[in-house]
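*Asks:* I am attaching a structure below and will ask some questions about it afterwards.
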Amino acid sequence: MIRSLAAAGRPPLFLAALLLLAACTPGGGKSAPADPNAGLDAQILTWRTALEDGHPVCRTKVAGHGCDGFQVMCKAMQEITPDETAKGVTAQVIAAITFNGRNPDGSSGKAGSAFAVFSKAGGQWTRAEAMPVNMNTCAPL
């Protein structure tokens, strides 16, 4: 079962208030220790760097960058199976990201996308490739 992070039982106004509070709080990008998704944003940035370094669409480098326009299209919490729970998995999120390659002249090139499932165990996130999902809902295709 997939639940969108935005639709995980929190009203949109509550999320907006949290974003405003985070923007005004010192260290505003840090998650609360009880947040099951704490640290996920840093892992997504690491994924972005890995994509730029190794994805075929990002092969042409312009000023040291192979792709631009990175946008996380969706993130959705995943059900954790009993086997995963036995392995210590406490959170699991699937995500989809889009980006554009670069042409040698610096203009945007071919569009690319990638899909990953992030699993948290022992307080650490790991990433694995995932099958494509619907970019709006993160539901399987």
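*Asks:* What is the list of residues in segment 62-82 whose amide nitrogen lies under 11 Å from a point 7 angstrom out from the Cα of residue 108, following Cα to Cβ?
*Replies:* Once the point is set 7 Å along Cα→Cβ of residue 108, 68-71 turn out to lie under 11 Å by backbone N, inside segment 62-82.
*Asks:* When Lys and Arg each count +1 and Asp and Glu each count -1, what net charge do the other residues less than 10 Å away from residue 100, Cβ to Cβ, add up to?
*Replies:* Working: positive: 102, 110; negative: 68.
Combined, the nearby Lys, Arg, Asp and Glu give +1.
Every read-out reported here was derived from the displayed coordinates using simple, explicitly stated rules and does not represent laboratory data. Every value quoted in this text rests on a predicted model; they were computed, and no experiment measured them. Ideal geometry is used to build each Cβ from the backbone, glycine not excepted, and the neighbour counts take in all protein chains shown.
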